[in-house]
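Structure, as structure tokens:
The values are calculated or read from the model by the stated rules, or taken from the named source; none is laboratory data. Just so we're clear, the structure is a prediction, and the values are computed from it rather than from any experiment. Heads up, the Cβs are rebuilt from the backbone with ideal geometry, glycines too, and the neighbour counts pull from every protein chain shown. Heads up: the accessible areas ignore ligands, DNA and RNA and are worked out on the full protein's heavy atoms, side chains in. Shrake-Rupley method; radii C 1.70, N 1.55, O 1.52, S 1.80 Å.
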Amino acid sequence: GLYTARKAIRLMGGDIRLERTGVGGTEFVITHPVRIVAIATEEEQEQKMTGKDTIGYPERSVLLVEDNKLVGELTANRLRRIFGTVHWAETGTDGLQMFRNAPPDMLFIDQLLPGMTGSELIEQVRLANPKVPIVGVTASTMGSECEILEAAGANIAVEKPLSYSQLQILVSDFLGQAR
């Protein structure tokens, strides 16, 4: 349970750690970034009311293939702040079907997926489209998953979780600057 809680808190930019209290005791310390809320200007309020969001790539689509529901939900929400359309598949086979039905402008593919591995999915995507940007994603900090993803055809492979700023950088590297 503690491992899962720590992983979830880290996905949100915080941490859980154990610290000694001095007299032979210990305590858990949980940190989480605070979001400073500022009062929106009239123009910003008008944009929100009219639905004119500041999505960087409103005409673009992305496909996320991630089987972990927590990681998938966090990543999909971050991608929704960047892309106009976000599709999310939880298996490799569903991801391949979604890619074939509505080819996206960019893909983020986890390596360890049910149905087929991320590298197998990437190989299938590359047969259909050798140029679409693909980011391979893995939770493994040990092993050769990044190399396997790149050998299969990913443009780059990175370790998750991916922060919003990492996603913005990756997207702008492959699709150019946002509007």
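Name the residue farthest towards the positive end of the dipole of the stretch 84-153 from the options ALA102, GLY153, LEU113, assuming +1 on Cβ of Lys and Arg, -1 on Cβ of Asp and Glu, about the Cα centre. It is ALA102. Against the criterion of solvent-accessible heavy-atom surface with a 1.4 angstrom probe, ILE82, ILE156 sort, most first, into ILE156, ILE82.
Among ARG100, ARG81, ARG17, the largest mean-square fluctuation in a Gaussian network model of the chain (Cα springs under 10 Å) belongs to ARG17. Measuring r between the beta carbons of SER165 and LYS131 and using R0 = 25 Å, the FRET efficiency lands at 0.45.
Going from most exposed to least, what order do ASP94, ASP15 have by accessible area with a 1.4 Å probe?
On the way: ASP94 80, ASP15 35 Å².
In descending accessible area the options line up as ASP94, ASP15.
About its Cα centre, the stretch 69-164 has a charge dipole of approximately 400 debye under the convention of +1 per Lys or Arg Cβ and -1 per Asp or Glu Cβ, with nothing else charged.
In the chain, the portion of solvent-accessible area held by carbon and sulfur atoms comes to 53 percent [1.4 Å probe, whole percent, DNA, RNA and ligands not counted]. Counting lysine pairs in the chain that sit 8 or more residues apart in sequence, or on different chains, and whose Cα atoms lie under 30 Å apart gives 7.
Take every DSSP beta bridge whose two residues both sit in the chain; close to 25 percent of them are antiparallel. The listed residues TYR164, TYR57, TYR3, once ranked by accessible area (1.4 Å probe) with the largest placed first, stand as TYR3, TYR164, TYR57.
Calculated over the stretch 60-160, the projected area of the Cα convex hull averaged across directions stands at 5.5 nm².
Taking only protein heavy atoms into account and a 1.4 Å probe, give the accessible area per residue of the chain in Å². List each step's numbers first, then the result.
Details: 11000 Å² over 179 residues.
Here the per-residue accessible area is 61 Å².
Please give the length that would be gained between THR91 and THR31 if that part of the chain were fully extended, namely 0.36 nm times their separation in residues minus their C-alpha to C-alpha distance (nm, one decimal).
Residue separation times 0.36 nm, minus the Cα-Cα distance, leaves 18.3 nm.
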